[in-house]
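To keep things clear, I will list the structure first and then write my remarks on it.
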Amino acid sequence: MNYQPEAAAWRCFARFELDQRDAPDRKARTRAVLSRFAALFNDESTWTFYAACERALGDTARAVEVLETAIRALPNPYVECPRIVAALAAAHEAANDDEMARAVYVTAVSQLEKLDGAMLTDDHKTLQRKYEEFELVFGGGAEVTRAVIVNRRASYRDAIARDPGNLIAWTGLIEIEKAADTPAAEIAALYQRASFDSVPDDDEDDKAMWREHANVWLASAKYHEEACRDAAGAEAVLKRGLACVHGKPFVFSKLWIALAELHLRHGGVAQARAVFDAAIAVKPTRKLLVRAIEVAKAHEDASRVRALYQRYTAAFGQRAAAWLEFAKFEQEQGDSAAADAVIDAGLADPSLTERDALWVAGITARVSRGDVAGARAWYSKLIAATRNACIAAAKDANSSADVESAVQRLRKVHALYTKFELSLQFDDSVANLRREWKDSVVKVRKANVEASAPLVSDWRDFEGRHGTAATQRAVRDVVEARERKRKDLMAEAAAFQ
């Protein structure tokens, strides 16, 4: 029977010979055992043990020879035996042979870079980390950069292997490959994998998750167009991304805009318009409409701009800016009547929240055209609308703050009208102002006496500066008449009780 001891027995035998420190033939006997051991068990652990024993015998050069022999004897050692590679590099480093250590590291990490991240073991990662540490100590700028790239690349690949949907890892890997001057075709392939190999399920409606993918699609399309000079590839990426989010309760305007602008950069104006129209049909977001209007203006398509503004105000009628931009466009086209009609339509929209801006725009437009009568009429309408809102707040009186705010707004409108009328210096300017003041004081005072006090004070100040003794008495008469009526009503109520 041809019996051979197990590896553990050979290790014990070698350690026994190594411990015979007083034996004159200690080195020869130990090496004889190790040689037979390595011949019988040609594996990573055996050769590593062999080299460690040589170092224990004090022969570093012989340890290096053993490890180099192992590299030649083992199949695919740089991938299958990372501990031997690390030990060989460390031995060269200990012998102050930095170039040989670097050659070993570079050969090994070059082989490991060809592996998929899922195939990298802890020993492989340790080897890559040691390479980075080595270059940080002994390398120059280029060597350090390469070592960092190798280590980061391995880390990102490992993260992707564990979670193919880790877009942070994908993005990091792509940036590392760009820094390593990887061919554009390979980076484009990485973008493709990052973009669509880990798309969420169709029933996933988490907008934040989809936004991350949308950002990757945009980056991929940009790289295809700029680095690869592949406009068709960029268009395909964007269209595929839009197909992925089709039917979701949200829309990524930036994807549609990127596709339209891609067509514009390559002369496809009609295609860009079609993209904008399709996007607005899905969901008319403000960003989409504004960009579509800008493009239509750039190509001097007034009818399309007008149609887009109509869509804009229909979707965002509560925003004064939408109406103001539309009116400004009509004014730039030389159609003042159309601009006035836009302002009127905006004021008629019940959803509008910032009405003052449109009132001011309408008045300013008439003043700039020299239409004094029209400006006066608009001021009268503005005062009437503001007064009615103030009366409604004064009657409700659920919140004193609301009443005070409404009164202050009416006072502000009166101040603007006063400044305008006095600047005209017409014979009837003061009379017009007096009429508006009287209407406001009488009607607001009828709704809420206390709320009208600031208005009465303003009217008195106005008459004090621009009125006569008779008009000042008229103010007192109005106030006192209302006060007498209020006291009479209170007396009747008390008598009734």
Boolean, S155 is in contact with a helix residue (DSSP H, G or I) (Cβ under 9 Å, 6 or more places away or on another chain), in a helix (DSSP H, G or I) and more than 23 Å from W210 (Cβ to Cβ):
yes
Given the criterion farther than 30 Å from A375 by Cβ, in contact with a His (Cβ under 9 Å, 6 or more places away or on another chain) and at pLDDT below 90, identify the matching residue among G247, G241.
G241
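Please go through the stretch 65-78 and give me each residue that is under 18 Å from A95 (Cα atoms) and open to solvent by 20 Å² or more (accessible area, probe 1.4 Å), ordered by number. Spell out how you get there, then give the answer.
At the first step, the residues of the stretch 65-78 found to be under 18 Å from A95 (Cα atoms) are 65-69.
If the condition is that a residue be under 18 Å from A95 (Cα atoms) and open to solvent by 20 Å² or more (accessible area, probe 1.4 Å), then E65, E68, T69 are the ones that fit.
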Given (1) more than 27 Å from G370 (Cβ to Cβ); (2) modelled with pLDDT of 90 or more, H299 misses just (2)
Among (1) open to solvent by less than 30 Å² (accessible area, probe 1.4 Å); (2) part of a helix (DSSP H, G or I); (3) within 24 Å of R211 (Cα to Cα), where does V290 come up short?
(1)
Cβ pairs under 7 Å, 6+ apart, first in the stretch 33-44 and under 13 Å from C81 (Cβ atoms), second at pLDDT 80 or above
E44/R83
Does V109 satisfy being farther than 25 Å from A39 by Cβ and among the hydrophobic types (A, V, I, L, M, F, W, C)?
yes
Condition first: at pLDDT below 75 and open to solvent by 70 Å² or more (accessible area, probe 1.4 Å). Now tell me which residues in the stretch 111-132 satisfy that.
K114, D116, A118, M119
Residues being assigned to a helix (DSSP H, G or I), more than 14 Å from L410 (Cα to Cα), touching a helix residue (DSSP H, G or I) at 6+ places or on another chain (Cβ under 6 Å) and modelled with pLDDT under 85: count how many of those fall in the stretch 424-458.
1
Evaluate the following for A296: is it farther than 30 Å from G241 by Cβ, out of contact with any Cys (no Cβ under 7 Å at 6 or more places or on another chain) and open to solvent by less than 10 Å² (accessible area, probe 1.4 Å)?
no
Which residue pairs have Cβ atoms closer than 6 Å, lie 6 or more positions apart in sequence or on different chains, and pair a first residue in the stretch 48-60 that is within 11 Å of L18 (Cβ to Cβ) with a second residue that is open to solvent by 50 Å² or more (accessible area, probe 1.4 Å)?
E54/R62; L57/K27
Restricting the stretch 222-268 to residues that are buried (at least 20 other Cβ atoms within 10 Å of the Cβ) and of a type in the set (F, W, Y), which is nearest to H299 (Cα to Cα)?
W256
Subset of the stretch 211-221 [modelled with pLDDT under 85 and surrounded by 19 or more Cβ atoms within 10 Å (Cβ to Cβ)]
H213
Scan the stretch 81-89 and give yes if some residue there is modelled with pLDDT under 80 and among the basic types (K, R), otherwise no.
no
Among (1) under 30 Å from K287 (Cβ atoms); (2) at pLDDT below 90; (3) charged (D, E, K, R), R409 falls short only on (1)
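The values are calculated or read from the model by the stated rules, or taken from the named source; none is laboratory data. Remember, predicted model here, so these are calculated numbers, not experimental data. Note that each Cβ is placed from the backbone with ideal geometry, even for glycine, and that neighbours are counted across all protein chains shown. Ligands, DNA and RNA are stripped out before the accessible areas are found, and what is left, the full protein with its side chains, is counted by its heavy atoms. Shrake-Rupley method; radii C 1.70, N 1.55, O 1.52, S 1.80 Å.
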